[in-house]
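Only the coordinates and a few stated rules stand behind these numbers; no lab work does. The structure presented is a predicted model; accordingly, all values stated were derived computationally and were not measured. Here Cβ is always computed from backbone atoms with ideal geometry, including for glycine, and neighbour counts include all displayed protein chains.
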Amino acid sequence: MNTVTVNASKKYDILIGSGLLSTLGAEAKKLGKAQKVCIVSESTVFPLYGNVAAESLKTAGFDVISYVFPAGEESKNGNTFLSLLNFLAENKLTRSDMLVALGGGVVGDLAGFAAASYLRGIRFIQVPTTLLAAVDSSVGGKTAIDLPAGKNLAGAFCQPSLVLCDTDTLNSLSEDIFRDGCAEVIKYGTLYDPALFAHLEEKGLNFDREAVITRCVELKRDVVMEDEFDTGARMKLNLGHTIGHGVEAKSHFGISHGKAVAIGMAIVSRASGCGDTGKIIGILEKFGLPTNTEYSADDLYSYTLSDKKRSGGTVNLIIPKAIGHCEIVPTPVENLRSFIEAGL
């Protein structure tokens, strides 16, 4: 097992290793007084891991309840959010109680926002069960739901009290969903770490899961500790996301987050004229990720105007300069369409 400690507005550990789900109750007990725990999960994950998580918590002495919603990004909305808050209130959770987010990025975002909002804030534990959530969304305290106007437009910064990543849960992922998470892994190598990028080039889908997840989490930990509230260096983690969110929204989430981010990384790499564009496109294709889209520059431009990273008349684009080196480039909105066009 590897442990990575985040020391932001709240200090917490990220535990990464095999067989950790059965230790959830014991680890939760270390966090201090709580009587009741609500497991928040979705309809695909809960039948696989809900009983193990609940039994571990019960053995540790917690009263356990569960809130399970339909799987999919389309559930990450205001209706599900309010339904969850009402469920917590009806079951009389108190400020000393906790939530456990058991699932992928949708579960973590929704449960985290509920934890930030219910009673003005209660503790929560992230238990990521997808590669994407393990390396990215479970770490750093960004929580959100989608609005009709765009992705992640309502949310809060709310650091978890613990992240418990059982790498065994990745074994139940379809190859397609596993590849989705690989887009975020490739993102970290492109942003910060040529050695990680080279390992992925060499090993492909057979990379060392525990070591790679740990390295990605370490990189994100460092960024979060430098810029917790996303006003500077943390913006770089949005590599591929501004345009990728446009792809997601235009497809009505028929194109998954990881695939959309891969398309976004390919577009910004081509548009920027980065000397390593061939390597970036090549590794995305090696992992079976898309690098092109049927949508036009006009299609994507209209959605990027609603991106939450827009500031007035400027969008901060993350531009690759070389493997391991990317820059934040404030781009006037009026130049964005032609930039996207250049990358298509």
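Most mobile of Ala149, Ala262, Ala34 per a Gaussian network model of the chain (Cα springs, under 10 Å)? Fluctuation is largest for Ala149. For the range 1-91, the Kirkwood hydrodynamic radius from C-alpha pairs, put into Stokes-Einstein at 20 °C and a viscosity of 1.002 mPa s, yields a diffusion coefficient of 144 µm² per second.
Think of each Lys and Arg Cβ as +1 and each Asp and Glu Cβ as -1; about the Cα centre, that makes the dipole of the range 2-172 roughly 700 debye.
Here the range 36-83 is treated as a Stokes sphere of Kirkwood radius computed over C-alpha pairs; at 4 °C and 1.567 mPa s its diffusion coefficient rounds to 113 µm²/s.
Starting from the Kirkwood radius over alpha-carbon pairs of the chain, derive D by Stokes-Einstein at 20 °C in a medium of 1.002 mPa s and give it in µm² s⁻¹.
Values: Rh = 20.1 Å.
Here the translational diffusion coefficient equals 106 µm²/s.
Taking the C-alpha atoms only, the angle from helix 277-286 to the longest principal axis of the chain is near 50 degrees.
For the options Gln126, Gln159, Gln35, a Gaussian network treatment of the chain with springs between C-alpha atoms closer than 10 Å singles out Gln35 as fluctuating the most. Note down the relative contact order for the chain as a percent, whole number, built from C-alpha pairs under 8 angstrom at least six residues apart. 15 percent. For the pair Ser338 and Leu48, the difference between a 0.36 nm per residue extended length and the Cα-Cα distance amounts to 99.8 nm. Farthest toward the positive end of the dipole of the range 99-242, out of Ala198, Ala111, Ile186, is the Cα of Ala111, where the dipole comes from beta carbon charges about the Cα centre.
So for the range 1-110, averaging the separation of alpha carbon pairs under 8 Å that are six or more residues apart and normalising by length, what relative contact order in percent results? Write out the running numbers ahead of the final one.
Values: 142 pairs, mean separation 33.1, N = 110.
Relative contact order of the range 1-110: 30 percent.
Amide H to amide H, with H built 1.01 Å from N, Tyr67 comes under 5 Å of Ile39, Val40, Ser41, counting only residues 5 or more places away or on other chains. Extending 7 Å from Cα along the Cβ direction at Thr59 and again at Asn79 yields two label points whose distance is 3.9 nm. Using only alpha carbons, the range 250-292 has a radius of gyration to Kirkwood radius ratio (Rg to Rh) of 1.00. Under 14 Å from a label point set 7 Å out along the Cα-to-Cβ vector of Leu147, the amide N atoms of the range 46-84 belong to 77-79. Here, P(r) means the percent of Cα pairs in each 5 Å bin from 0 to the largest distance; for the range 134-268 it is 2, 9, 18, 22, 23, 17, 7, 1, 0. Under 5 Å between amide hydrogens, built in the peptide plane, is the criterion, and for Gly324 it picks out Leu191, Tyr192, Asp193 among residues at least 5 positions away or on other chains.
Kirkwood analysis of the range 43-188, using all unique Cα-Cα pairs, places the hydrodynamic radius at 15.5 Å.
For the range 192-244 and the range 20-70, write down the distance between their C-alpha centroids in whole Å. Spelled out, the Cα-based centre of one part sits 28 Å from the other. Against the chain, whose longest principal axis comes from its Cα atoms, helix 78-90 is set at around 20 degrees. Overall, the range 175-343 carries a charge dipole of about 140 debye about its Cα centre when +1 sits on the Cβ of Lys and Arg and -1 on the Cβ of Asp and Glu, all other atoms neutral. Distance between the pseudo-spin-label points of Asn2 and Ala198 (7 Å out from Cα toward the beta carbon): 1.7 nm.
Annotation for Thr231 and Thr314: the two label points, set 7 Å from Cα along the Cα-Cβ direction, are 1.5 nm apart.
Of the beta bridges DSSP finds with both residues in the chain, what % are antiparallel, to the nearest 5? Write out the running numbers ahead of the final one.
Working: 21 of 45 bridges.
Rounded to the nearest five, the antiparallel share is 45 percent.
Can you list the residues of the range 233-248 with backbone N under 17 Å from a point 7 Å past the Cα of Ile328, pointing along Cα to Cβ? The answer is 233-243, whose backbone nitrogens lie closer than 17 Å to the label point.
In order along the range 68-76, phi translates into HN-Hα couplings of 10, 10, x, 5, x, 4, 5, 7, 7 Hz, rounded to whole numbers, per the Karplus curve 6.51 cos²θ - 1.76 cosθ + 1.60 with θ = phi - 60° and x for Gly and Pro. Remark: the range 135-140, residue by residue, has Karplus-estimated 3J(HN,Hα) of 8, 9, 6, 7, 10, x Hz, where x stands for each Gly or Pro and the curve is 6.51 cos²θ - 1.76 cosθ + 1.60 at θ = phi - 60°.
Between the Cα long axis of helix 105-117 and the first principal axis of the chain there is an angle of about 60°, rounded to the nearest 10. Dividing the mean sequence gap of close Cα pairs (under 8 Å, 6+ apart) by how many residues the range 139-289 holds gives a relative contact order of 24 percent. Here the 3J(HN,Hα) profile of the range 242-249, calculated from phi with Karplus coefficients 6.51, -1.76 and 1.60 at θ = phi - 60°, is 4, 6, x, 5, x, 5, 4, 5 Hz, Gly and Pro shown as x. What you get for the chain, charging only the Cβ of Lys and Arg (+1) and of Asp and Glu (-1), is a dipole of about 920 debye around the Cα centre.
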